[in-house]
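Quick notes on the structure that follows.
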Amino acid sequence: MLFDDLPRNHETIVSVLVPVAVPAPYTYKVPAEMSVRPGAIVRVPLGPREVVGVVWDVEPEAGIDPRKLKSITHVYDAPPLGDELRRFIDWVANWTLAAPGMVARMVLRSEDALEPEAPVSGVIRVEGAAPDRATPARSRVLALMEDGMAWTKPGLAASAGVSASVIDGLLQQGVLETVAMTASPLPLPPDPAFAPPQLTPAQSTVASALVESFAKGGVVSLIDGVTGSGKTEVYFEAVAEAIRRGRQAVILVPEIGLTEQFLRRFEQRFGVPPAEWHSEITPKKRARVWRGVAKGEIPVVVGARSALFLPFANLGLIVVDEEHDTAFKQDDRVSYNARDMAVVRGHLARFPVVLASATPSVESRVNADTGRYVRHVLPERATGAALPELGLIDMRTEGPERGRWLAPAMIEAIRQTFAEKHQSLLFLNRRGYAPLTLCRSCGHRFQCGHCSAWLVEHRMKGKLVCHHCGHQEPVPRACPACGTQDALVACGPGVERIAEEVEGLFPQARTLILSSDISGGPERLRREMKIVEDGGADIIIGTQLVAKGHNFPLMRLVGVVDADLGLAHGDPRAAERTFQLLAQVTGRAGRMTGGGRGLLQSYSPDHPVLKALVSADREAFYQAEIETRRVTGLPPFGRLAALIISGPEKAQAEGFARAVLRAAPPHQGITVLGPAEAAMALVRGRHRFRLLAMAPRQVDLQGYLRHWMSLVPPARGGLRLQIDIDPQQF
Ligand code: ADP
Ligand code: ZN
């Protein structure tokens, strides 16, 4: 169906995916002066507004009177979305039960990118021309221009340290002339031959296998390597191979794993930093990356999960680093797991996908065991350093004194590490000063008015903060319930409180809190990571931010303040999450030098997860966890979908949840549980109920859900129904 072939006297109509939650594309007329093909990005009228859409290659709805159709108003001068990407959008929509237009919207994220960048003017030196009089300012300008390159006027003035009038003067005299230049000259491409690493034999074996996988179509490889085993160097070799083959590559990392250190390592290997894609980049940069990727001019992107939906012209490799990480799951709007969808994108286009982790997800491990993925094990650290020795501190018998959080054995270990001039990290996955604040006089607890969550005191900011909706209020002097002055007590520890204790114990040590909410944003955080890396801090107190991906060369001791924290959840995935988090964070110890130690404070030291960690028996953990999932029919042995029903009124939301449940058609093998209050029963003022559909692996759960949804009464009055395939929490 090539629209251009149709005779022009005949009115052409096409299907266009519009960015709204409707099940199918809409039909539009193509004005005679326009020509479009499938994948073209267009602007179309939709109700009272105009939206950006994509021409979709499905037959337009038959039998519509063309006179009633609206026309495409504009065709963007951007590369059309290719076949593979369009099939991927369809696939994701089908899998997540999201509207295809909503998935396409994730691709069209950068609206600025759709129009070409305005050219800017620059100046160059006219060969042979000299100024009438050589002043020092003029000489500085001309010295800078010796190589014949074009400069923007402001850039030149700033670099030469002269005012704009100096440059204008040189222009008037004909020594400089104005030229058009592109606003963003392309950065140099990464060079696969820039600095090939000296790999260990174990690394080489895996790297060769990855390179060979390019010849085999859509192979999925899982690099299962202990912390510090050099997985990054190994998958960089796959990236190098993609570049050599003239294909693009994308490396997906959890957003907070996108550190200065990572970008530097890329640059050391390939000679230039990679293009970045994440929530913090400016709209302008975003537009450049989008266009550069779509035109095939940017060979490698490193990005957060949304980079998976970039319109690569010629994608040939996806790497998912820390593939187990929950940051790859997006829960709002289109709910998808970027790791799983990466595998799909690779499969549809038949290119290799590489997953890497020191603690693979149970899903990926099972996929490797059954032969769907190829698993490569790196059992030792690349530097030859030994893995840290882990020990438990039984808080029931060896716990701290009242009102303190660090056990004597922990304090002693920190003291020793500090004396040896090494770094210690104290890990506690709790931001702020204390997780709960109450009034000593009347017992009043501070709760968020919009969420079922306590307000967390952030003493450095002087605020009480909801970690779910971001609501903040000042810490009051008097209890709002009983009016007693200065009666508020902090219950339990957060990182700020641990830092306070550490500062009291080790006044001569340099302490630093690393937490995602410290003021100053990502820039400050990057600086502080660098300080730790360079040895500018002795004792670091951090949230899960520090658990991932960093190499801190001087770090020897990792102390986990509360190893039970994640295990308390009723969620069957709690064991896996806790195992992963604790293995990752203790894996920060002794990465370069060996001699690392991990100490875990726990009130339940007999818990199988903690035992598996301390005895360094990863296999025991995986085998037990896989068996549990198998007998309970939980993923990956069964399929799950959560239906979250929410509304501003509790009774109404619950009533709607019951109506949705009543509409569920009976189906052999599918069980629907609920409705129950969701784990977070109130979020941002919306009451949430949850239904859970469980199906055996071989059942088409999406097909069932689609049928079910067609029987559900429409959601009205602020009610909402959201489907979450493969929810994080079972
Ligand atoms: P992982 O991602 O598996 O945790 P990294 O790739 O971060 O491990 O490597 C850990 C450390 O080992 C890094 O400092 C890295 O520079 C170093 N390293 C990796 N490969 C080698 C090698 N072949 N020889 C020496 N050092 C290496
Ligand atoms: Zn809240």
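Filter the range 693-713 down to the residues that are assigned to a strand (DSSP E or B) and buried (at least 19 other Cβ atoms within 10 Å of the Cβ) and list them by number. Spell out the reasoning first.
Step one: filter the range 693-713 for residues assigned to a strand (DSSP E or B), giving 693-696.
Selection gives Ala693, Met694, Ala695.
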#### Entry: Long-range neighbours under 8 Å by Cβ, at least six apart or interchain, first residue within 10 Å of Val234 (Cβ to Cβ) and of a type in the set (S, T, N, Q) within the range 191-207, second at pLDDT 95 or above and in a helix (DSSP H, G or I)
Gln203/Glu233; Gln203/Val234
### Message
For the range 585-594, check the following and say yes or no: at least one residue is in a loop (DSSP other than H, G, I, E, B), basic (Lys, Arg) and over 22 Å from the mean Cα position of the chain (by Cα).
### Response
yes
### Query
Which condition number does Leu85 fail, the rest of (1) in contact (Cβ under 8 Å) with a residue 40 or more places away in the chain; (2) of a type in the set (A, V, I, L, M, F, W, C); (3) not in a helix (DSSP H, G or I) being met?
(3)
## Note on the structure
For the range 321-354 the number of residues that are basic (Lys, Arg) and in a helix (DSSP H, G or I) is 2
### Message
So, in the range 259-281, how many residues would count as being surrounded by 22 or more Cβ atoms within 10 Å (Cβ to Cβ) and either within 16 Å of ligand 2 (Cβ to nearest atom) or within 19 Å of Lys548 (Cα to Cα) (or both)?
### Response
1
### Criterion: within 16 Å of ligand 1 (Cβ to nearest atom), closer than 30 Å to Thr370 by Cβ and not β-branched (Val, Ile, Thr) - qualifying residue of Arg618, Arg629, Arg591
Arg618
### Task
Would you mention how many residues in the range 89-141 are small (Gly, Ala, Ser) and surrounded by 19 or more Cβ atoms within 10 Å (Cβ to Cβ)?
8
### Members of the range 198-230 found to be surrounded by 21 or more Cβ atoms within 10 Å (Cβ to Cβ), away from ligand 1 (no atom under 16 Å from the Cβ) and under 25 Å from Trp277 (Cα atoms), listed by number
Val220
### Task
Kindly indicate whether Gly638 is over 29 Å from Thr359 (Cβ atoms) and free of Cβ contacts under 8 Å to residues at least 60 places away in the same chain.
no
### Message
I need a count of the residues in the range 288-305 that are in a helix (DSSP H, G or I) and under 19 Å from Phe328 (Cα atoms).
### Response
1
### Task
Name the one entry in Ala240, Ala215 that is farther than 29 Å from Pro388 by Cβ, part of a helix (DSSP H, G or I), more than 16 Å from ligand 2 (Cβ to nearest atom) and without any contact (Cβ under 8 Å) to a residue 24 or more places away in the chain.
Ala215
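Table: residues versus (1) touching a residue at least 24 places away in the same chain (Cβ under 8 Å); (2) β-branched (Val, Ile, Thr); (3) surrounded by 20 or more Cβ atoms within 10 Å (Cβ to Cβ); (4) within 16 Å of ligand 2 (Cβ to nearest atom).
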{"residue": "Gly590", "(1), (2), (3), (4)": "yes, no, yes, no"}
{"residue": "Gly595", "(1), (2), (3), (4)": "yes, no, no, no"}
{"residue": "Ser602", "(1), (2), (3), (4)": "yes, no, yes, no"}
{"residue": "Ser615", "(1), (2), (3), (4)": "no, no, no, no"}
### Task
Specify which of the listed residues (Gly432, Gly443) is more than 25 Å from Pro605 (Cα to Cα) and in contact with a helix residue (DSSP H, G or I) (Cβ under 9 Å, 6 or more places away or on another chain).
Gly432
#### Entry: Within the range 560-584, considering residues that are among the aliphatic types (A, V, I, L, M) and part of a loop (DSSP other than H, G, I, E, B), the one surrounded by the most Cβ atoms within 10 Å (Cβ to Cβ)
Ala563
### Message
Which of the helices (runs of 4 or more DSSP H) found entirely inside the range 604-673 contain at least 3 residues meeting this: farther than 30 Å from Glu389 by Cα?
### Response
618-632, 650-662
### Summary
With criteria (1) under 23 Å from the mean Cα position of the chain (by Cα); (2) under 21 Å from Ile498 (Cα atoms), Lys530 comes up short on (2)
### Residue ID - farthest from ligand 1 (Cβ to nearest atom), chosen from residues in the range 461-477 that are closer than 23 Å to Val683 by Cβ and part of a loop (DSSP other than H, G, I, E, B)
His471
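Quick check: anything in the range 231-244 among the basic types (Lys, Arg), farther than 16 Å from Val319 by Cβ, more than 16 Å from ligand 1 (Cβ to nearest atom) and surrounded by fewer than 20 Cβ atoms within 10 Å (Cβ to Cβ)? Please lay out each step first, then the result.
Kept after step one, since they are among the basic types (Lys, Arg), are these residues of the range 231-244: 231, 244.
Adding the requirement that they be farther than 16 Å from Val319 by Cβ leaves none.
Taking every residue of the range 231-244 in turn, none turns out to be among the basic types (Lys, Arg), farther than 16 Å from Val319 by Cβ, more than 16 Å from ligand 1 (Cβ to nearest atom) and surrounded by fewer than 20 Cβ atoms within 10 Å (Cβ to Cβ).
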#### Entry: Pairs with Cβ under 6 Å, 6+ apart, first in the range 268-292 and among the basic types (Lys, Arg), second buried (at least 16 other Cβ atoms within 10 Å of the Cβ) and at pLDDT 90 or above
Arg269/Phe236
### Query
Is it the case that the range 175-190 has a residue that's at pLDDT 95 or above and out of contact with any Cys (no Cβ under 9 Å at 6 or more places or on another chain)?
yes
### Task
Please list, ordered by first then second residue, the pairs with beta carbon atoms under 7 Å, 6 or more apart or interchain, first in the range 455-481 and more than 14 Å from Arg497 (Cα to Cα), second of a type in the set (Ser, Thr, Tyr) and away from ligand 1 (no atom under 16 Å from the Cβ).
Leu455/Thr437; Leu464/Thr437; Ala478/Thr484; Cys479/Ser441
### All strands (runs of 3 or more DSSP E) inside the range 368-460 with 1 or more residues being modelled with pLDDT of 95 or more and within 16 Å of ligand 1 (Cβ to nearest atom)
374-378, 423-427
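When you go through Gln508, Gln485 one by one, which is the residue that is of a type outside the set (Asp, Glu), away from ligand 1 (no atom under 16 Å from the Cβ) and farther than 30 Å from Arg556 by Cα?
On the way: Gln508 fails: farther than 30 Å from Arg556 by Cα.
Of the residues listed, the single one that is of a type outside the set (Asp, Glu), away from ligand 1 (no atom under 16 Å from the Cβ) and farther than 30 Å from Arg556 by Cα is Gln485.
The values are calculated or read from the model by the stated rules, or taken from the named source; none is laboratory data. Computed from a predicted structure; not experimentally measured. We place every Cβ from the backbone using ideal geometry, glycine too, and count neighbours over all the protein chains shown.
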